[in-house]
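Input: a single structure, listed below in structure tokens.
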Amino acid sequence: MKTTLLLLSIIFIGNISYSQISIDKDDFIALGDSAGVFISIFPSLDYHATGENMTWDFTDLTEESYEEEIPKKISTGGVLVNLYFGNLAPAKYKSSYFLPYDNGLPIEQIGTILANFMPGGLEIKGFNRIIKVANDKITYPGYSLEVAGQGVGIKSDTIELGYNLPFTYGDTMESRAYTKFSFAPIIDQVKILQYRQKISVVDGYGTLATPYGNFEVVRIKHTITETDSVNLKLDSSTDMWFPIDRVINEYEWWGKDYKRPILKVETEGVFGSEIPRKVSHLNNNYLHVNNETMDIRLYPNPTHDIINLSSATELEKVSIVNTLGEFVYDKICSGKEITLDVSQLVSGIYTLQVITKKGTVHHRIVIE
């Protein structure tokens, strides 16, 4: 009897260990990678439910638009960004890449304040998060953005922890980050202070079901309390601070080798209620493939009417996506070469999605 119980215990423990996957450095996006994601209309998702051996059924996600997540080299961010975060930066600030970030500094709110108090306002755009990837952790040493048409790099005085690595079910992480945004010498009248407190809990594991299949995942919830203050000094007698306080929640479902969360739900606290802001999810199983490992050639680009495409790997399907995320061309194919007739498409910039037996890659194409 004791032997039987012992064997059952071993089998049970083995199954639990197998289900609780561990997310490490190789599961995060890197330079050369590309991740295609759909932004979805927010359905009635129960994103709060979590725990052990969960099944999250999100198969009713409806696609609204399409985005590509492509890490950018620090050297492409401009002189100041490269100076602060490039190869010559101090070790703690020397970073791996940057990505657009729309859930940090509330640019729209700040822009509204500036428009009300400054002649012509102040255009702030292109907000990016600087990311440093190490074997044991992911950190965010600062930001980059464009102010009045000029690139600006902002170092965080206290660097935010993104993730301790590896992480698995039951782990908890805490972090604080303090950043002073000064736009001098572009403009001296505006300063922003940002203070973020974050608690991250890996609070569930199990199976995630999406329109593109089932995935073995762990779920992590980030709760971020952000206290921002915008200072306007319009003249010697006018010096005003405007507080912008927010509570942000980010729910992420991570699987092995997908380079970003398979599903991510972002919410924000509004008058005591949690309001969904954005739902993003991978649009198939292969969009994590490193573009540099795929030998894909296409020409001419730009083009007027045809695109010739060749691949070192057997082709399966080619699609074209417009800037609204709509699929405007689909073709099932075989072999390693194909000619696409794009003469019916209107002039503009598109994303060419190429699915091969090895994986999926994306290329920007221009139709004139």
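The values are calculated or read from the model by the stated rules, or taken from the named source; none is laboratory data. As the structure is a computational prediction, the values presented were derived from the model and not from experiment. Reconstructed Cβ throughout: ideal geometry from the backbone, glycine too, with neighbour counts over all protein chains shown. Heavy atoms of the whole protein, side chains included, go into the accessibility calculation; ligands, DNA and RNA do not. Shrake-Rupley method; radii C 1.70, N 1.55, O 1.52, S 1.80 Å.
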For residues that are open to solvent by less than 60 Å² (accessible area, probe 1.4 Å) and part of a loop (DSSP other than H, G, I, E, B), tally how many sit in segment 355-368. 1
Just wondering, is there one or more residues in segment 333-354 that are closer than 23 Å to residue 61 by Cβ, open to solvent by 40 Å² or more (accessible area, probe 1.4 Å), in a strand (DSSP E or B) and at pLDDT 80 or above? no
I want to confirm something. Restricting to segment 166-192 and keeping residues that are hydroxyl-bearing (Ser, Thr, Tyr), open to solvent by 30 Å² or more (accessible area, probe 1.4 Å) and free of Cβ contacts under 8 Å to residues at least 60 places away in the same chain, which single residue is nearest to residue 131 (Cα to Cα)? 178
Please go through segment 223-241 and pick out each residue that is open to solvent by 50 Å² or more (accessible area, probe 1.4 Å) and in a strand (DSSP E or B). 225, 227, 233, 234, 235, 239, 240, 241
crowded, with 20+ Cβ neighbours inside 10 Å, hydrophobic (A, V, I, L, M, F, W, C), within 30 Å of residue 218 (Cβ to Cβ) and modelled with pLDDT under 90: does that describe residue 265? no
Selection from segment 55-73 of residues open to solvent by 30 Å² or more (accessible area, probe 1.4 Å), farther than 19 Å from residue 218 by Cα and not aliphatic (A, V, I, L, M) yields 60, 62, 63, 64, 65, 67, 68, 69, 72, 73
Among (1) within 30 Å of residue 141 (Cβ to Cβ); (2) more than 19 Å from the chain's Cα centre (by Cα); (3) modelled with pLDDT under 90 - the single one residue 81 does not satisfy: (3)
Single unsatisfied condition, residue 249 versus (1) modelled with pLDDT of 85 or more; (2) farther than 25 Å from residue 102 by Cβ: (2)
Residue by residue through segment 62-102, note down the ones that are among the polar types (S, T, N, Q) and not in a loop (DSSP other than H, G, I, E, B). 62, 65, 75, 76, 82
Restricting attention to segment 27-54, which residues are of a type in the set (S, T, N, Q), at pLDDT 90 or above and surrounded by fewer than 18 Cβ atoms within 10 Å (Cβ to Cβ)? 53
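Just for segment 138-155: of the residues that are closer than 18 Å to residue 175 by Cβ and out of contact with any helix residue (DSSP H, G or I) (no Cβ under 9 Å at 6 or more places or on another chain), which one is surrounded by the most Cβ atoms within 10 Å (Cβ to Cβ)?
143
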Matching residues, segment 74-100, being β-branched (Val, Ile, Thr) and open to solvent by less than 80 Å² (accessible area, probe 1.4 Å): 74, 81
Please find, among 163, 195, 205, the residue that is of a type in the set (Phe, Trp, Tyr) and either surrounded by fewer than 20 Cβ atoms within 10 Å (Cβ to Cβ) or modelled with pLDDT under 90 (or both). 195
